Amino acid sequence: MAGEHLVPHGPALAARPEPAKKKESDMAVTTAPISLEQETNPWEAQAARFDLAAKTLNLDAGIWKVLRYPQREIIVHIPVSMDDGSIEVFTGYRVQHSTARGPGKGGIRYAPEVSLDEVRALASWMTWKCAVVNIPFGGAKGGVICDPRHLSQGELERITRRYTASLIEFIGPEKDVPAPDMNTNEQTMAWIMDTYSMHMGQTITSVVTGKPVNIGGSRGRREATGRGVSVVTDQALKHLNMSPESTTVIVQGFGNVGSHSANLLWEKGYKIIGVGEYDGALYNANGIDISELMEHKARTGAIHGFAGADAFDKDELLTAKCDVLIPAATENVITSLNAERLQCRILVEGANGPTTMVADGILAEKNIFVVPDILANAGGVTTSYFEWVQDRMGYFWTETEVNQRLERIMVDSFNDVVQYAVNHNVDNRIAAYMLAIDRVAYTTKQRGIYA
Ligand code: NAD
């Protein structure tokens, strides 16, 4: 299975590039200077951290190769009837990085800049994330190149259903279980579940997570990633002897992860002084009322125009002074271009891949305490795991039960990573990778290589 590439027929597709495979003799960590383009390539960013962690673990060269590359990569071209009667073709991906520890698990994102390298990186991060929190899933991710801002609900539904149909033999409760990510939501998951169920001839809710609660969704899933972010932020404060009441927070991205992280921290007494979006930012040194801001965004569709804060330069937000910085929007926002100017004490990565590897080195020199993405935002997949379990049992937990189970896993995982970092004298990110790689490698060795 390792290295299998499923590419649909068509000469244009056959020519698509694959990630260059390293020879055994090349299994070393690259230290040469790199361009900004390389620095911000998500696949390179993931692979560089993987290589460093694998080297520090003294990982067996064969297992290193198995885990470095995705198990399967699927590219689909989806014909869709548009509202004006024309036909448009969209490109979609699903990458299954590993199913060693259980079914593939990972979201689907809709965005114009989706690329195969991005989806590969995100799929690998899902493998490590599920292993960090020790839940029985592998890692996968999907994406469709499209701009949802310019698509009607009907067009989005037809894209989603055709994308699902194209992947029908590769997804399933025991194979690969998608979830929401950027620009996809509960409605998208309901369409995927329905399309899959129509093909199978029966309702199968556990094929996706992040569904509406009335059709097999879990209570608490909507806020779960933000809740996990808030729990690990509490733990980081405890670790550094700080208290919420005297802690200022800046959040970039006010979508699912950012808004719920900000809201839960605000409810705990943290002062949220800055919130940024792609089209502007807000600042209030006395703290922003996050529940009012959530209402404002729900009503107007944007954060600007909110009366409870001043407009702020969105490009200066990440480098403004605060105690806790939470990037919760997208990749590569902390790079060699701005890392030196960061003024936070703690960085909690709500987004996937917000920090480049070059920036990691700068943050370490500045003694910024980093809660890495594969730990910080694992609350979403953990509650997705609870949803999958509940769907398969046909028995649903209360929100309190879900949140308590989530909190226990996030606290334990935070402590595991921080302890691992101390024991092995590495930073928190490499500790999280090492812990995860060790768990996946152990299972991979135990299962053996089928030939
Ligand atoms: P979302 O689409 O709900 O929200 C993202 C928000 O960020 C949007 O409001 C968008 O306008 C804003 N944004 C986009 N680019 C920006 C930029 N350059 N600067 C400032 N704001 C920007 O998506 P989400 O589900 O909240 O995901 C956000 C991040 O968290 C992604 O990296 C995603 O992979 C990661 N993540 C999400 C979950 C989850 O459960 N939703 C779980 C783990 C990780």
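The values are calculated or read from the model by the stated rules, or taken from the named source; none is laboratory data. Keep in mind it's a predicted model, so treat the numbers as computed, not measured. Here Cβ is always computed from backbone atoms with ideal geometry, including for glycine, and neighbour counts include all displayed protein chains.
Kindly check whether there is at least one residue in region 275-285 that is acidic (Asp, Glu), in a strand (DSSP E or B), within 12 Å of the ligand (Cβ to nearest atom) and in contact with a helix residue (DSSP H, G or I) (Cβ under 8 Å, 6 or more places away or on another chain).
yes
Taking into account only those residues within region 334-350 that are within 14 Å of the ligand (Cβ to nearest atom) and crowded, with 24+ Cβ neighbours inside 10 Å, which is nearest to the chain's Cα centre (by Cα)?
350
In the set 253, 276, 258, which member is surrounded by 18 or more Cβ atoms within 10 Å (Cβ to Cβ), closer than 17 Å to residue 343 by Cα, under 20 Å from the mean Cα position of the chain (by Cα) and not assigned by TED's automatic domain parsing to the domain that holds residue 187?
Only one candidate qualifies: 276.
Tell me which residues, restricted to region 420-444, are in contact with a His (Cβ under 8 Å, 6 or more places away or on another chain) and assigned to a loop (DSSP other than H, G, I, E, B).
Matches in region 420-444: none.
Can you say whether residue 213 is buried (at least 21 other Cβ atoms within 10 Å of the Cβ) and on the phi < 0 side of the Ramachandran plot, as far as the supplied structure shows?
no
Look at region 182-208 and say how many of its residues are touching a Lys or Arg at 6+ places or on another chain (Cβ under 7 Å) and within 26 Å of residue 331 (Cα to Cα).
Residues that pass the stated criteria total 5.
Residues checked against (1) closer than 29 Å to residue 278 by Cα; (2) among the small types (Gly, Ala, Ser); (3) modelled with pLDDT of 95 or more:
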site	(1), (2), (3)
144	yes, no, yes
200	no, no, yes
211	yes, no, yes
217	no, yes, yes
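For residue 177, which of the numbered conditions (1) in contact (Cβ under 8 Å) with a residue 12 or more places away in the chain; (2) assigned by TED's automatic domain parsing to the domain that holds residue 326 fails to hold?
Evaluating residue 177 over (1) in contact (Cβ under 8 Å) with a residue 12 or more places away in the chain; (2) assigned by TED's automatic domain parsing to the domain that holds residue 326 leaves (2) as the failure.
Looking only at region 319-354, count every residue that is within 26 Å of residue 117 (Cβ to Cβ), out of contact with any Ser or Thr (no Cβ under 8 Å at 6 or more places or on another chain) and among the hydroxyl-bearing types (Ser, Thr, Tyr) and tell me the total.
Of the residues in that region, 1 qualify.
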